[in-house]
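Report on the structure given below.
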Amino acid sequence: MTKILKLAIWLILTACFVLLITLPISSQAQLSVDVIIIVSMIILKMVAPKGSLRLVVLTLGSAIVLRYLYWRTTSTLPPVTELQDFIPGVLLYIAELYSIMMLGLSMFIVAMPLDSRPPRRLRDDDDLPAVDIFIPTYNEDEELLAGTIAAAKGIEYPADKLVVWVLDDGGTLQKRNSSKLQDAHAAQSRHESLKRLCAELGARYLTRERNEHAKAGNLNNALAHSSGEVVVVFDADHAPTRDFLIETVGHFNDDPKLFLVQTPHFFLNPDPLERNLRTFEKMPSENEMFYGIIQRGLDKWNASFFCGSAALLRRKALEETDGFSGVTITEDCETALTLHARGWNSIYIDRPLIAGLQPATFASFIGQRSRWAQGMMQILRFHFPLTKLGLSFPQMLCYLSSTLFWLFPFARTIFLVAPLFYIFFDLHIFEASGRDFFVYTSVYMIVNMIMQNYLYGRFRWPLISELYEYIQTVHLLPAVISTILNPSKPTFNVTAKDESISHSRLSELSLPFFLIFGVLLAGVVVTLVRLYTEPFKSDITIVVGAWNFLNLVLAGCALGVVSERGERQSTRRIKVNRRCEIKVGDAWLPATVNDVSVRGARLDVLGKIARTVSEGEEIEMRFSPHADLVENLLPIEVRHIQNTAEGATFGCRYATRNAEHHRLIADLVFANSEQWSAFQTGRRANPGVLGGILKFLRISLYQTARGLSYLATGFRTPKTPPRSIAPSEGRV
């Protein structure tokens with residue numbers, strides 16, 4: 001009886017909600033309601049950012065969105081008899097439907113996300129499983145791999161229960177026997193070199209005969225040669241902290257149906273947008289919205305999925321599906337979808353326990369995102385979530401959201417060109433007066449931004465998502481269309497991440513962005529002309545012109561993204577505070593490590609004798625490692641010296657010669673997970689909707705000028721591509 005009563009109450013409330021949304025009222029009355037709702041949302045957002053009132057805010061915002069959708073559907077579509085207006089008008093309407101649907105799915109996932117799960121630290125009575133760590137590699141630099149291997153070997157865990165495997169797909173028998181002698185020689189050299197490195201660092205080297213099924217095939221080959229109950233996957237550039245297993249592996253003892261423990265991906269270097277706009281230290285990184293809140297929302301519905309690295313998986317679960325799925329090029333999400341459908345569980349630990357690299361150049365960034373987009377389109381075609389047997393309904397919605405997201409290039413393209421239909425061709429694809437547009441559309445946009453800020457405020461600033469989508473759309477749209485038409489066509493491509501750009505330049509993919517900017521700027525000029533020559537249409541012209549101007553602001557900011565700054569280092573310094581000693585002559589001087597990177601460190605050295613050191617001189621540093629290492633002496637080359645009142649500050653580069661040096665560097669740089677959490681927390685500030693918009697406008701104005709100056713002063717893409725940083729290069 002109670003269930004029937006609850007159902008009746010929900011039906012009554014739903015009917016009232018629908019009635020309010022569809023109730024015909026005047027524009028003036030609608031505006032009054034809008035103002036009341038917006039003010040209420042702002043007040044509730046300020047006084048109750050969390051808790052049950054959060055749902056009240058989202059409900060009020062949803063009412064405005066649905067009211068707009070009703071008005072948009074019933075009052076604004078062009079007549080079907082005028083096809084030149086109707087066809088683009090319907091395309092715009094479909095793009096808006098897509099955006100509203102994605103907003104609804106997002107609210108379902110993150111309206112009340114789980115609080116960050118506390119790490120499940122190992123207890124004395126825990127039965128510790130045997131763990132195999134897989135590090136798949138294809139063409140990554142040996143120095144980069146050495147850091148990851150050393151960090152993995154330094155993980156705190158019983159040595160007899162931990163095996164580190166280096167899975168080399170760049171030295172397969174197929175590659176070593178290539179008909180191209182140069183390629184065969186390179187593969188043979190890599191094969192022998194990595195075998196020596198693994199022997200020195202205590203890892204097991206494994207390759208295979210043929211490069212079949214890309215990363216999934218490489219991982220499955222490793223499964224066949226190993227036996228650990230738990231499998232950990234780290235990308236070649238993802239170095240773990242010392243407490244990675246201590247914080248995570250215990251969850252498998254608590255739930256026998258748990259197949260996945262996923263942790264976030266933390267990056268030492270900025271992506272091309274962050275690097276070229278110089279926002280890395282000030283603004284939350286792009287991936288933080290996904291790992292900071294969306295994965296926690298997915299976790300609530302038992303739908304957090306495997307992200308390819310920084311994850312632990314149960315071998316028994318993988319054996320049910322004959323290993324990692326390899327039908328699509330996003331084997332990680334596909335594997336998770338398959339196992340969720342078989343009744344296995346997953347959890348997400350929101351604590352950065354690895355540090356990795358992300359693409360440094362815009363071209364590599366687009367290549368990576370193209371693979372993600374194509375892979376998710378393959379999942380949408382081959383494993384449509386709403387028809388995937390075994391998934392719960394919430395899981396279906398979660399996977400639907402994750403895959404449909406990658407259709408954004410279609411919507412973003414339509415939003416970009418829609419105002420130009422009116423400005424250049426006088427097509428009326430949106431039947432509404434300027435007053436109605438203000439009352440409904442502008443209010444909908446304001447409420448949408450308030451809701452987005454309420455959901456993601458500390459993890460994504462206003463208009464940043466739109467910028468990321470725009471810079472990807474130009475090149476992702478053809479890739480998405482191609483995959484939809486031929487889902488078997490895409491192949492797995494490895495993303496280059498250890499690149500450097502030694503000179504400022506325009507990206508080789510920059511031309512379309514300048515052309516689009518020019519068209520949008522011409523649209524602004526035509527808008528001003530039409531305001532002067534057609535004053536009787538000024539209300540609509542102002543509205544459409546403002547829309548085009550917003551697109552111009554995004555396009556101008558994108559010019560800064562594709563105008564790549566010349567920087568030699570591929571990683572950023574991370575602030576630390578660690579005691580050490582420096583040997584100068586026969587004396588050991590106390591010092592503090594202020595910041596570190598994977599290639600060097602900055603030290604504050606006490607004692608005026610430190611000033612006697614010369615630039616280029618090699619000295620020794622010693623510190624107390626977290627792990628039980630044989631040595632604690634690390635040779636360093638002093639690159640820069642700055643005298644201080646107490647001594648000197650050294651800018652140093654590691655002078656690695658053997659495996660023990662790699663272990664010391666890994667311990668110094670990667671062992672402490674607290675430093676990654678502190679860095680993330682330091683840039684997670686919510687500027688608010690208005691503050692965020694003002695910040696974005698300021699950034700856009702400067703980046704527009706910078707991009708145009710790159711074009712005007714003759715920066716050109718060099719014939720040779722960006723190069724990987726050799727160990728002896730790169731500033732510290």
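The values are calculated or read from the model by the stated rules, or taken from the named source; none is laboratory data. If you're wondering where the values come from, they're calculated on a predicted model, not measured in any experiment. Here the Cβ positions follow ideal geometry from the backbone for every residue, glycine too, while neighbour counts run over all protein chains shown. What goes into the accessible areas is simple: the full protein's heavy atoms, side chains included, and nothing from ligands, DNA or RNA. Shrake-Rupley method; radii C 1.70, N 1.55, O 1.52, S 1.80 Å.
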Rounded to the nearest 10 Å², the accessible area of Tyr98 using a 1.4 Å probe with every protein chain kept is 40
So, relative contact order of the chain in percent, Cα under 8 Å, 6 or more apart, is 15
The answer for the chain, accessible area per residue at 1.4 Å probe in Å², is 43
Reported to the nearest 10 Å², Trp71 has, with a 1.4 Å probe, an accessible area equal to 20
Between Lys282 and Ile42, the FRET efficiency computed from the C-beta separation at R0 = 25 Å comes out, to the nearest 0.05, as 0.50
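Tell me, in nm to one decimal, what length is gained between Leu173 and Arg683 on full extension, where the rule is 0.36 nm per residue of separation less the Cα-Cα distance?
That pair, Leu173 and Arg683, stretches by 179.0 nm at full extension.
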With 0.36 nm assigned to each residue of separation and the Cα-Cα distance removed, Arg196 to Gln28 gains 52.8 nm
Rounded to the nearest 10, the angle in degrees between the Cα long axis of helix 83-110 and the longest principal axis of the Cα atoms of the chain comes to 50
Which of [x] 197; [y] 167; [z] 140 gives volume of the Cα convex hull per residue in Å³ as computed here? It is [x]
Among region 592-609, those whose backbone N falls under 18 Å of a label point 7 Å along Cα→Cβ from Ala645 are 592, 604-609
Nearest 10, in degrees from 0 to 90: the angle of helix 464-485 to the longest Cα principal axis of the chain is 90
Per the 1/(1 + (r/R0)^6) rule, R0 = 41 Å and r from the Cβ atoms of Lys257 and Leu550, FRET efficiency to 0.05 is 0.25
Carbon/sulfur accessible area of region 327-465, % of total, 1.4 Å probe, equals 66
For the Arg381, Ala705 Cβ pair and Förster radius 45 Å, calculated FRET efficiency rounded to 0.05 is 0.55
Each label sits 7 Å from Cα toward the beta-carbon; between His185 and Ala130 the label points are separated, in nm, by 4.2
Expected unfolding gain across Ala587-Ser116 under the 0.36 nm per residue rule, minus the alpha-carbon gap, is 164.8 nm
Here the tail fraction of P(r) beyond 12 Å, over all Cα-Cα pairs of region 418-474, rounds in percent to 75
Simple spin-label estimate for Phe536/Thr81, 7 Å along Cα→Cβ, in nm, reads 2.2
